[in-house]
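The values are calculated or read from the model by the stated rules, or taken from the named source; none is laboratory data. Being a predicted model, the structure only gives us computed values, none of them experimental. Neighbour counts run over all protein chains shown; Cβ positions are idealised from the backbone, glycine included.
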């Protein structure tokens, strides 16, 4: 009966846990997004192969997810955190060691035949054997067994909470790796779209440059014939240099983006790449439904990472509180000991030893209370970090939704502006050809048309990049769906 009561008491002590009950912090965001939504499927249900319709971009994304060096480092950090958690969790169980030993001791004796500074050899410490000197003998001793050097009884949950904190840190690292995958998808797609926009802008600049060089040839002939002055010729040449400068700038920035993309995908891709879609192709992306902000709490890896780190800090509070209570450890040994190796294993040689040790902090000069205060302050910081992560996620989605609508309006207005600018160019040329205007009017009209066309291409690229930002801000990019 007493044993049953003792076991029940130990079981109740082992169930003690001084960690505060975890309560998920309130996300300080609005219940809905400010802009109307479009699409019928959540971003997390659409894999990147299905979302991105450009087959060349799909090839780049597949290569980046397989070969990106930063991603490889992130995966390695996950494995490190997993191993660290397993190391910490193993401390909850007794560590068993095998031990074996052999000693040979030379013991001096006095005139009566007793050991000097010791006890009589008949006490079991060993069997004397003849020695080369008459005033000494030797003792042989062999041992073999297993031992538990030190096993802490986790009455207060210190080891359990330490293991839980390590597990939460590991899970936070997993979420960090998932967040990096999403950001890598976004960065590769954005860089690719910059390249595609650069290529289309280069093509536009080359066409414009060819037309302006033809205009310079005509202006030279008119000047040589005395029809116009050198001013018109120089102004025509000014249009050419403007296009040449813009073309060189576009080639530079596009080449630099190509270099960045090569790094992101882990190196040059072998073999011919699939044909790319033009920026104006409506099949670039699949339609997505943003849903409600509450979905971000379970879909955004960065938000989940912040919550896992908060849970780890919560467990550390329990570890700090347990430091006020006694630390109880057990030691044990089971094995054989004998003065002769041949008779080591046997009933007469069996030995065991069991011990217990308890330590209780008495005077720590406030160290324990400071430890609890530290863990509480760390948890408070991580509460704020979690709430900031939810606000950041909400803002990124809301910004992308606002931009999606406004880009449509901008592109529509810019398209109408280009149509009007083209009419101005035609009128300016007619007026100049009929002697009703100077060439400066043509110069301004052509320059404004070129700038407007370049801006339209930039707006289309920005619109596509914003769609990518919306997709990844909603937590899309992790699920991979077969493109077939």
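Return the total of residues in region 222-248 being farther than 18 Å from residue 432 by Cβ, in contact with a helix residue (DSSP H, G or I) (Cβ under 7 Å, 6 or more places away or on another chain) and surrounded by fewer than 16 Cβ atoms within 10 Å (Cβ to Cβ). Of the residues in that region, 1 qualify.
Residue check: is residue 205 under 23 Å from residue 72 (Cβ atoms) and either more than 16 Å from the chain's Cα centre (by Cα) or part of a helix (DSSP H, G or I) (or both)? For residue 205, the condition - under 23 Å from residue 72 (Cβ atoms) and either more than 16 Å from the chain's Cα centre (by Cα) or part of a helix (DSSP H, G or I) (or both) - is not met. Of all residues in region 80-93, none satisfies being surrounded by fewer than 14 Cβ atoms within 10 Å (Cβ to Cβ), modelled with pLDDT of 80 or more, assigned to a strand (DSSP E or B) and within 49 Å of the chain's Cα centre (by Cα). So which residues in region 46-65 are within 16 Å of residue 178 (Cβ to Cβ) and either outside the structural domain of residue 180 (by TED's automatic domain parsing) or part of a helix (DSSP H, G or I) (or both)? Correct list: 48, 61, 64, 65. Using the structure shown, decide if residue 192 is in the same structural domain as residue 456 (by TED's automatic domain parsing), more than 19 Å from the chain's Cα centre (by Cα) and part of a helix (DSSP H, G or I). In short, yes.
Looking at the structure I just gave you, is residue 229 within 19 Å of residue 55 (Cβ to Cβ) and modelled with pLDDT under 85?
Numbers: within 19 Å of residue 55 (Cβ to Cβ): no; modelled with pLDDT under 85: yes.
Criteria not met by residue 229.
Is it the case, given these coordinates, that residue 308 is more than 30 Å from residue 17 (Cα to Cα) and either surrounded by 13 or more Cβ atoms within 10 Å (Cβ to Cβ) or in contact with a helix residue (DSSP H, G or I) (Cβ under 8 Å, 6 or more places away or on another chain) (or both)? No; evaluated as a whole, the condition is false for this residue. One residue is enough: does region 270-290 have a residue meeting the conditions part of a helix (DSSP H, G or I), in contact (Cβ under 8 Å) with a residue 24 or more places away in the chain and either buried (at least 17 other Cβ atoms within 10 Å of the Cβ) or on the phi < 0 side of the Ramachandran plot (or both)? No, there is no match, as no residue in region 270-290 is part of a helix (DSSP H, G or I), in contact (Cβ under 8 Å) with a residue 24 or more places away in the chain and either buried (at least 17 other Cβ atoms within 10 Å of the Cβ) or on the phi < 0 side of the Ramachandran plot (or both). Which members of region 244-271 meet the condition of being within 18 Å of residue 196 (Cβ to Cβ) and over 32 Å from the mean Cα position of the chain (by Cα)? Selection gives 246, 247, 249, 250, 251.
Residues satisfying the criterion are absent from region 428-436 (criterion: touching a strand residue (DSSP E or B) at 6+ places or on another chain (Cβ under 8 Å) and either over 30 Å from residue 33 (Cβ atoms) or buried (at least 18 other Cβ atoms within 10 Å of the Cβ) (or both)). The condition of being crowded, with 21+ Cβ neighbours inside 10 Å and either out of contact with any helix residue (DSSP H, G or I) (no Cβ under 7 Å at 6 or more places or on another chain) or farther than 22 Å from residue 314 by Cα (or both) holds for residue 205. Selection of first residues in region 208-223 that are free of Cβ contacts under 8 Å to residues at least 24 places away in the same chain and assigned by TED's automatic domain parsing to the domain that holds residue 426 and of second residues that are surrounded by 16 or more Cβ atoms within 10 Å (Cβ to Cβ) and not in a helix (DSSP H, G or I), restricted to Cβ pairs under 6 Å at least 6 apart or on distinct chains, gives the following pairs, ordered by first then second residue: 222/228. Scan region 417-426 and tell me whether some residue there is at pLDDT below 90, assigned by TED's automatic domain parsing to the domain that holds residue 213 and surrounded by 15 or more Cβ atoms within 10 Å (Cβ to Cβ). Yes.
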